[in-house]
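Undergrad: Handing you this structure, nothing more for now.
The values are calculated or read from the model by the stated rules, or taken from the named source; none is laboratory data. Note that this is a predicted model, so its numbers are computed, not measured. We place every Cβ from the backbone using ideal geometry, glycine too, and count neighbours over all the protein chains shown. Only protein heavy atoms, including side chains, enter the accessible area calculation; ligands, DNA and RNA are left aside. Shrake-Rupley method; radii C 1.70, N 1.55, O 1.52, S 1.80 Å.
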Amino acid sequence: MPKIILDCDLMRYPNSGLYHYCLNLGNEVEQVMRESYPDMTIRYYVPPGEKEAFAKSKYCIVEENKFFNRLFRPLMLDCDIWHAPFQSGRILPKPGGKTKILLTIHDLNVLHEGKPEREQLKSLAHTQELINRADALVCISEFTKNDVLKHCNTGSKPMYVIHNGVHKVHTIMMDSTAKKSSRPFLFGMGYVN
């Protein structure tokens, strides 16, 4: 039975977009696999505080002994696919093993934020190292894909664009005293570095 592990190490920050990205991705992939690929399993590599985050928490691998896991990586012994869901990942299977790596790249923002050249080069070198180890790449937008193709060497690795989705948001009924906009507006939330 093929086994996939989703690296949810970044769920240690519950008020971040990457927390919810990992949570929603994991839940959606688990549902699709249950319906369409019942012979495959997905497991989630999570920080201790998030061992109950997923509906199927019995499939969570809790990060307990960081040194032991980094050195020996026993959780990857029977792993067929390791999904690194962010380009700043720290944990990957050892090179030369049977485990395939899927790397998701969200952005190369360091190139567009006016950061010092040294910081840009360091970030790009880390991303390039992950790309070199990956077997396939996912970018969350055409813009990101074009940035990656322009600034990194992807070789002949398969590269896909899969846009981030959102979970269903329940409609909140406003009472008659709530202030309503008289014209269209754009509401945005984001993370500021």
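Undergrad: Out of (1) modelled with pLDDT of 90 or more; (2) open to solvent by 50 Å² or more (accessible area, probe 1.4 Å); (3) closer than 23 Å to Arg90 by Cβ, the odd one out for Tyr191 is which?
TA: Here Tyr191 meets the rest and fails (1).
Listed here are the residues, each with its yes/no results for (1) surrounded by fewer than 10 Cβ atoms within 10 Å (Cβ to Cβ); (2) at pLDDT below 95.
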position	(1), (2)
Phe86	no, yes
Pro95	yes, yes
Gly114	yes, yes
Arg118	yes, no
Cys139	no, no
Thr154	no, no
Ile162	no, yes
Ile172	yes, yes
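Undergrad: Using beta carbons and a limit of 9 Å, which pairs, at least six apart or on different chains, have the first residue in the stretch 24-51 and without any contact (Cβ under 8 Å) to a residue 40 or more places away in the chain and under 15 Å from Cys79 (Cα atoms) and the second one among the aromatic types (Phe, Trp, Tyr) and surrounded by 13 or more Cβ atoms within 10 Å (Cβ to Cβ)?
TA: Close Cβ pairs (under 9 Å, with a partner that is among the aromatic types (Phe, Trp, Tyr) and surrounded by 13 or more Cβ atoms within 10 Å (Cβ to Cβ)) amount to Ile42/Tyr59; Tyr44/Phe54; Tyr44/Tyr59.
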